[in-house]
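Notes follow once the structure below has been shown.
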Amino acid sequence: QVQLIESGGGLVQPGGSLRLSCAASVQSNTIYTMAWFRRASGKPREFVAAVRKSGTVSRVADSVKGRFTISIDTTTYTAYLQMNDLTPDDTAVYYCAGDVGWSPYDPAVYDYWGQGTQVTVSS
């Protein structure tokens, strides 16, 4: 069973940066896509970004485009979400997810989920 372990959340001021990491507990050839979703208080889960395990294809939500970047270490299956120019609207619990296929935007298709890491943007 694959486990996804997130780290890197915390409290940051508006305009600041954070980098989230998501490591697979074991190297898994079954995971084809790694992604980040987020859920703000009182709002539905929202797609943030996804990347194929090759690192050659990625998608980023319009709401974070130009500020967030997703990448993957193809040797360790560790996905990263670099978040720059953070705003209070980015405050949420961020979840890492893994899928055996490529349907990046739909959370229902993802087979594996991390426990979530809190990101709070506040002055």
Using beta carbons and a limit of 9 Å, which pairs, at least six apart or on different chains, have the first residue in segment 63-88 and without any contact (Cβ under 8 Å) to a residue 12 or more places away in the chain and farther than 19 Å from PRO14 by Cβ and the second one open to solvent by less than 50 Å² (accessible area, probe 1.4 Å) and not in a strand (DSSP E or B)?
-> ASP73/GLY55
Failed item, numbered, when TRP102 is tested on (1) modelled with pLDDT under 95; (2) aromatic (Phe, Trp, Tyr); (3) crowded, with 16+ Cβ neighbours inside 10 Å | (3)
Checked segment 54-85 for anything open to solvent by 70 Å² or more (accessible area, probe 1.4 Å) and either in contact with a strand residue (DSSP E or B) (Cβ under 8 Å, 6 or more places away or on another chain) or small (Gly, Ala, Ser) (or both); matches are ARG59, GLY66, THR69
Can you name the condition, by its number, that LEU86 falls short on among (1) in a strand (DSSP E or B); (2) at pLDDT 95 or above; (3) not β-branched (Val, Ile, Thr)?
-> (1)
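The values are calculated or read from the model by the stated rules, or taken from the named source; none is laboratory data. Note that the structure is predicted; figures quoted are calculated from it, not measured. Heads up, the Cβs are rebuilt from the backbone with ideal geometry, glycines too, and the neighbour counts pull from every protein chain shown. To get the accessible areas, we keep the full protein, side chains included, count just its heavy atoms, and leave off ligands, DNA and RNA. Shrake-Rupley method; radii C 1.70, N 1.55, O 1.52, S 1.80 Å.
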